[in-house]
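So the structure is just underneath, and the comments pick up after that.
The values are calculated or read from the model by the stated rules, or taken from the named source; none is laboratory data. Only a predicted model underlies this, so the values are computations on that prediction, with no experimental measurement involved. Here the Cβ is made from the backbone with ideal geometry for all residues, glycine too, and neighbour counts use every protein chain on show.
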Amino acid sequence: MANALGDCAARMAYQDKSNAVRWVDQANYHLTLAFLGDQSEQDLESLADQLDQHVQNSEFEMCVQHLSPFPESRPKLIAAMIKRDPALLELHQQVISSIISANLKVEKRRFIPHITLGRFRHSRNHFAGGIPGTVDACGEVTELSIFESTLTPSGAEYDALYRFPFAQYEFDEV
C-alpha cells in the first residue's frame, strides 16, 4: 500500500511546481487511531498495559477508498481516505476503550480514517496539480503502535515507543 501511495504522491509532487505542499516521506505514512498529545512516560505505560488487555484484533486488510483534499470544508492535507472496514472500526473502538481505561483524555473528533500524503503550506502558492480520485491500494494491518512524534523543519519524525503485533492474538485451536 505504501508503495502505491508513494507513487501517487511522487506524481503529484512532480506537478507541484509552486511548492504549495509539504509532502510526507513514504516511510512516515500511518493511520492515526487516536491523537494523544503530550503524555507522561507513566501514562503511556498505563495505556500500553490497557492496549495489551483490550486489543483483540488479528491481521486485516485496509484499502484506500479515494484520494482527496482533507478536510473538505477547509483542506489542510492531501490524504488517502481509508474505507471504513468493520475490523478497522473495531480496532479504533478498542483503542478508545483502552485510552479511557488508562484515564487519559479522548479527543472529541469524529474518526475519519486517512493517511496524510502531504500538508498544504500556508502561502500564496496553490497546488495546481491534479489529485487522482482513485488509487488501487490495499495492505495488511499487522500491528498497532504508540508513536512519539517530533516536529522538525523537514516534517514530523516518528518513533515507535510500543508495538503490539496482531499475530500474538491469534491462537491455534486445539
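In segment 65-80, the count of residues that are under 18 Å from THR134 (Cα atoms), of a type in the set (Lys, Arg) and either free of Cβ contacts under 8 Å to residues at least 12 places away in the same chain or in a helix (DSSP H, G or I) (or both) is zero. For beta carbons closer than 7 Å, sequence separation of 6+ or different chains, a first residue in segment 155-174 that is farther than 27 Å from ARG22 by Cβ and a second that is modelled with pLDDT under 85, the qualifying pairs are PHE166/ASN57; PHE166/SER58; TYR169/GLN56; TYR169/ASN57; TYR169/SER58; GLU170/SER58. Within segment 1-59, restricting attention to residues that are out of contact with any helix residue (DSSP H, G or I) (no Cβ under 6 Å at 6 or more places or on another chain), acidic (Asp, Glu) and part of a loop (DSSP other than H, G, I, E, B), the residue that is surrounded by the most Cβ atoms within 10 Å (Cβ to Cβ) is ASP16. Across segment 60-76, the number of residues qualifying as in contact with a Gly (Cβ under 7 Å, 6 or more places away or on another chain) and surrounded by 16 or more Cβ atoms within 10 Å (Cβ to Cβ) comes to 2.
Looking only at residues in segment 96-108 that are within 21 Å of PRO71 (Cβ to Cβ) and in contact (Cβ under 8 Å) with a residue 12 or more places away in the chain, the one that is surrounded by the most Cβ atoms within 10 Å (Cβ to Cβ) is ILE96.
Taking ALA87 as the residue in question, decide whether it is surrounded by fewer than 16 Cβ atoms within 10 Å (Cβ to Cβ) and in contact with a strand residue (DSSP E or B) (Cβ under 7 Å, 6 or more places away or on another chain).
Details: surrounded by fewer than 16 Cβ atoms within 10 Å (Cβ to Cβ): yes; in contact with a strand residue (DSSP E or B) (Cβ under 7 Å, 6 or more places away or on another chain): yes.
So ALA87 passes the test.
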